[in-house]
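Comments concern the structure below.
The values are calculated or read from the model by the stated rules, or taken from the named source; none is laboratory data. Values in this document were obtained by computation on a predicted structure and should not be read as measured data. Heads up, the Cβs are rebuilt from the backbone with ideal geometry, glycines too, and the neighbour counts pull from every protein chain shown.
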Amino acid sequence: MARRGSQAPPPPDFEENIIDVDVSEEMRGSFLEYAYSVIYQRALPDARDGLKPVQRRILYSMNEMGLRPERGHVKCARVVGEVMGKLHPHGDSAIYDAMVRMAQPWAMRMPLVDGHGNFGSLGGDDMPAAMRYTESRLTREAMLMVASIDEDTVDFRPNYDGQEQEPEVLPAAFPNLLVNGSSGIAVGMATNMAPHNLGEVIAAARHLIDNPDASLEELMRFVPGPDLPTGGRIVGLDGIRDAYERGRGTFRTRATVHIEDVTPRRKGIVVTELPYAVGPERVKAKIKELVNNKKINGISDLKDLTDRNVGLRLVIEVKNGFNPEGVLAELYRLTPMEESFGINNVALVDGQPRTLGLRDMLQVYVDHRIEVVRRRSAHRRKKREDRLHLVDGLLVALLNIDEVIQIIRDSDDASQAKQRLMQIFELSEIQAQYILDTPLRRLTRYDRLELEKEKEQLAKEIARLTAILESEKKLRGVVSKELGEVAKEFSTPRRTVLLESSGQTATAAVPLEVADDPCLVLMSSTGLLARTGSAEPLADEGARSPHDVLVSVVRASARAQLGVVTSAGRMIKVEVIDLPMLPASASPPSLAGGAPITEYVDLDPDEKVVGLSSLDGSLALGTAHGVVKRVVPDYPPNRDDFEVITLKDGDQVVGAVTVADEDDLVFITSDAQLLHYSASNVRPQGRAAGGMAGIKLAAGATVIWFGALDPDRESRVVTISGSSSALPGTEQGAVKLADYADFPAKGRATGGVRSHRFLKGEDALIMAWAGPAPVRAASSTGKPLLVDVEIGRRDGSGERLTAEVAAFGGPLHPAPTPEPEQAPTPDDASPQ
């Protein structure tokens, strides 16, 4: 017996055979095999279904296990074991990691696995629980990936040991590669694809189906840029254009933030969305490091108020005397709140790794989907043809039921009966066997009617499927229609905001400490708020830009507050420094860069903003029931929301403006009456007062506009008539322009004078405005419109409108009448 540790002697017939191999050749061959395995079996997705092999095997196995959305969850360990044992001969951690990623809504734009339990957190700050604790099933979106896989739509191949079959690719009823993106590091190459919006991608794919020669510019009209699962903002679109054209590009992503009062005396920067793949723990750690090292100033506290109800919420408190916008610029520059994302669209096409642009990725998917629908249609036609063959045979038996029974009774065995049926009735072997296998209870007269109906239906379906297979146009139409149905059911609104910019973070544009410079606060007809860099009137050189119709202008300073007056008679304080500042170089000035007023005030469902007011000037209010009030500026310093008028039931404020004693107060009513008188005729009252009679209204009439004018300034009155029975904003009738000087002043609480004569079918004014000339108009989207009508008599009728006007306004000072796109003229106006 050999001693422990010693080698056993070779057998007697052993022959030594040593082969010399060059080390460099062996290393080269082994490395190539390893690289090939990593590239094709692990790291790179297939361009057709956008899945790596492990992801495809997970979805296929879960579908085979019956883990559909309508069924219960099962342990992830069971799924991992099924995948590893049958299809994926690698470590269980690799399978579980891929499964976890497909269940994370912050990693996938459309998650494919419905996870139950701890599947980690944003940015990888918290690890997922072990697979023995978590549970999973397929999502409804994942069912689209495996839909019709059992209808010969894709090729199958043997698994690693040849005992099972696995699909080479999934049918993929939506463009998963673009929608969910992908990332992976192979040998000598890598891939990093950004997620996109399902509705946008499908719209581009359908356009490519209908227009095979579509250019990249046409497709980018549908897919303007990535739509990241975590939202945020993409700053600069040049890199996206490069990526869509050549497959490689870089863009910058920013956190979504807003500035609000976190305490009664302190501002805070509130982060609600972070850049893609950036977690809150990473941001918090970096901010704390910068504060401790005194590399950033102005931050007093950092709170993480994130929970499952409100979502992500990081509150960065700013010290008094520091400009929140300046602190935010530093945070963008020094922390992961602004990150770069490098697109590298590498995927497998026909088994070869290729770098793909947007059009290439869409084309590969469309070709794959057309092939899937073609094979599915052929499979369904074959199934129906086989069924029709059996139905024809059974109908023959029903028509000759007595003879069939006699043949069967006279036959010695089933084989003889089958042969005799085939000979006598000219049946195929399949038909004869089916007749013998059919129970007698299926041979009633009712079953015959059912079979004839089924035969007719089968013939129609076969003809329809044949038409699809024989017509490329119909085949592409089916693919396009199915994609449209997917988009209708599963598409969601875009989460990521695209900003056209160079992507450079401005660090010196806003100082850290706020300078209390004078400025103007502007509100456009579309509800956008912005401030200027000085108190000088904006230059108006005749050109116009979107959102340039101003409905309220207030003088303020950068560190001051102003009041937002609502139709419910409330005043809400807003910090001027929180408002975006218009670029000083913009010409013409545009409020397109402003922020919606709803970001600063919370309104009830039936409440709207009627004007802005300084907190140290006399505020004039007019209500729908004809009440006028001037408010003494004694607003409470410690309250941000309070009433400035006590309204009667059913009444509401229609206009609010800061006035001086020399100004005129103007009412315009629904029955076309205009009244104006000096503001000095209205004595100021306290906040709790209900005002006084401003205009005498006829029965059924209401005030539709209230404002103030400088009597020494050239002004216009513009009115639009219509039907009082029409819905608001519809069926506009005639527009009329009149000189304000033509309207005589009347006493307070009188009825005023007529301002518009109604045409046939008109009985009310649906819109009115009075202000400095020239008159500006805009559509509901803020697009500039030109009011090209002659100044008429104050009580004359208007000229017919053919385009809908949503708002009127005027410039900050008189200027030559601009000539933008022709719009609401009686002859050549066109809908906007």
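Condition check ((1) free of Cβ contacts under 8 Å to residues at least 40 places away in the same chain; (2) part of a helix (DSSP H, G or I); (3) more than 18 Å from L219 (Cβ to Cβ)) across all residues:
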position	(1), (2), (3)
P353	no, no, yes
R359	no, yes, no
H368	no, yes, no
R374	no, yes, yes
H389	no, yes, yes
Can you tell me which residues in segment 647-660 are loosely packed, with under 14 Cβ neighbours inside 10 Å and either among the β-branched types (V, I, T) or touching a residue at least 40 places away in the same chain (Cβ under 8 Å) (or both)? K648, A660
Would you check if A172 is surrounded by fewer than 23 Cβ atoms within 10 Å (Cβ to Cβ), modelled with pLDDT of 95 or more and small (G, A, S)? no
Check on K295, in a loop (DSSP other than H, G, I, E, B) and surrounded by fewer than 16 Cβ atoms within 10 Å (Cβ to Cβ): yes
Say whether the condition of being surrounded by fewer than 20 Cβ atoms within 10 Å (Cβ to Cβ) and in contact with a Lys or Arg (Cβ under 8 Å, 6 or more places away or on another chain) is met by at least one residue in segment 43-51. no
Search segment 167-201 for residues being among the small types (G, A, S) and more than 16 Å from P226 (Cα to Cα), and hand back the single one that is nearest to the chain's Cα centre (by Cα). A173
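Considering only residues that are assigned to a helix (DSSP H, G or I) and basic (K, R), look in segment 481-495 and name the one that is nearest to the chain's Cα centre (by Cα). Steps first, answer last, please.
Just the residues of segment 481-495 that are assigned to a helix (DSSP H, G or I), to begin with: 481-490.
Still in the list and also basic (K, R): 481, 488.
Details: K481: 22, K488: 13 Å.
Filtering segment 481-495 for residues that are assigned to a helix (DSSP H, G or I) and basic (K, R), the one nearest to the chain's Cα centre (by Cα) comes out as K488.
In the set G188, G120, which member is on the phi > 0 side of the Ramachandran plot, outside the structural domain of S480 (by TED's automatic domain parsing), assigned to a loop (DSSP other than H, G, I, E, B) and out of contact with any Asp or Glu (no Cβ under 7 Å at 6 or more places or on another chain)? If you could, list the steps in order and put the result at the bottom.
Numbers: G120 fails: out of contact with any Asp or Glu (no Cβ under 7 Å at 6 or more places or on another chain).
Exactly one residue qualifies, and that residue is G188.
Counting only residues that are surrounded by fewer than 21 Cβ atoms within 10 Å (Cβ to Cβ) and not charged (D, E, K, R), which one in segment 210-222 is farthest from the chain's Cα centre (by Cα)? Before the answer, list the steps.
From segment 210-222, those surrounded by fewer than 21 Cβ atoms within 10 Å (Cβ to Cβ) are 210-218, 220-222; that's our starting set.
Keeping just the survivors that are not charged (D, E, K, R) gives 211-212, 214-216, 220, 222.
Numbers: N211: 25, P212: 27, A214: 24, S215: 24, L216: 21, M220: 16, F222: 12 Å.
Here the residue is P212.
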Please pick out the residue among Q423, Q416 that is in the same structural domain as S471 (by TED's automatic domain parsing) and either under 50 Å from the mean Cα position of the chain (by Cα) or surrounded by 13 or more Cβ atoms within 10 Å (Cβ to Cβ) (or both). Q416
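Only one residue in S613, S557, S618 is modelled with pLDDT of 80 or more, buried (at least 21 other Cβ atoms within 10 Å of the Cβ) and of a type in the set (S, T, Y), so which one is that? Write out each step before concluding.
On the way: S557 fails: buried (at least 21 other Cβ atoms within 10 Å of the Cβ); S618 fails: buried (at least 21 other Cβ atoms within 10 Å of the Cβ).
The unique qualifying residue is S613.
Out of I209, I149, I202, report the one residue that is in contact (Cβ under 8 Å) with a residue 60 or more places away in the chain, in a loop (DSSP other than H, G, I, E, B) and either assigned by TED's automatic domain parsing to the domain that holds A94 or not small (G, A, S) (or both). Explain how you work it out, then say what you get.
Numbers: I209 fails: in a loop (DSSP other than H, G, I, E, B); I202 fails: in a loop (DSSP other than H, G, I, E, B).
None of the other options fit; the residue is I149.
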Just for segment 367-392: of the residues that are within 18 Å of K481 (Cα to Cα) and among the β-branched types (V, I, T), which one is surrounded by the most Cβ atoms within 10 Å (Cβ to Cβ)? V372
Would you mind telling me which numbered condition in (1) at pLDDT 95 or above; (2) over 21 Å from the mean Cα position of the chain (by Cα); (3) farther than 20 Å from G484 by Cα N159 fails? (1)
Return yes or no: is I791 more than 26 Å from G611 (Cα to Cα), hydrophobic (A, V, I, L, M, F, W, C) and modelled with pLDDT of 85 or more? yes
What about I259, is it in a strand (DSSP E or B) and in contact with a Lys or Arg (Cβ under 7 Å, 6 or more places away or on another chain)? yes
Which of (1) in contact with a Ser or Thr (Cβ under 7 Å, 6 or more places away or on another chain); (2) surrounded by fewer than 19 Cβ atoms within 10 Å (Cβ to Cβ); (3) closer than 30 Å to L440 by Cα does I405 not meet, given it meets every other one? (1)
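Kindly establish whether D301 is under 30 Å from the mean Cα position of the chain (by Cα), over 23 Å from P229 (Cα atoms) and surrounded by fewer than 21 Cβ atoms within 10 Å (Cβ to Cβ). Give the derivation first.
Details: under 30 Å from the mean Cα position of the chain (by Cα): no; over 23 Å from P229 (Cα atoms): yes; surrounded by fewer than 21 Cβ atoms within 10 Å (Cβ to Cβ): yes.
Answer is no for this residue.
Being modelled with pLDDT of 95 or more and not in a loop (DSSP other than H, G, I, E, B): is that true of A129 here?
Details: modelled with pLDDT of 95 or more: yes; not in a loop (DSSP other than H, G, I, E, B): no.
No.
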Note down all Cβ pairs under 6 Å where the first residue falls in segment 518-540 and is assigned by TED's automatic domain parsing to the domain that holds V564 and within 25 Å of S780 (Cβ to Cβ), the second is modelled with pLDDT of 85 or more and among the polar types (S, T, N, Q), and they're at least six residues apart or on different chains. M523/S552
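Hey, does segment 91-114 have a residue that's more than 18 Å from N176 (Cβ to Cβ) and either part of a loop (DSSP other than H, G, I, E, B) or among the basic types (K, R) (or both)? If you could, list the steps in order and put the result at the bottom.
To start, the set of residues in segment 91-114 that are more than 18 Å from N176 (Cβ to Cβ) comprises 91-97.
Imposing the further condition that a residue be either part of a loop (DSSP other than H, G, I, E, B) or among the basic types (K, R) (or both) reduces the set to 91.
Yes: one or more hits.
Scanning for something closer than 30 Å to D641 by Cα, part of a strand (DSSP E or B) and among the polar types (S, T, N, Q), does segment 240-253 turn up at least one residue? Before the answer, list the steps.
Taking segment 240-253 first, the residues closer than 30 Å to D641 by Cα are none.
Taking every residue of segment 240-253 in turn, none turns out to be closer than 30 Å to D641 by Cα, part of a strand (DSSP E or B) and among the polar types (S, T, N, Q).
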In segment 272-284, is there at least one residue being loosely packed, with under 14 Cβ neighbours inside 10 Å and not in a helix (DSSP H, G or I)? no
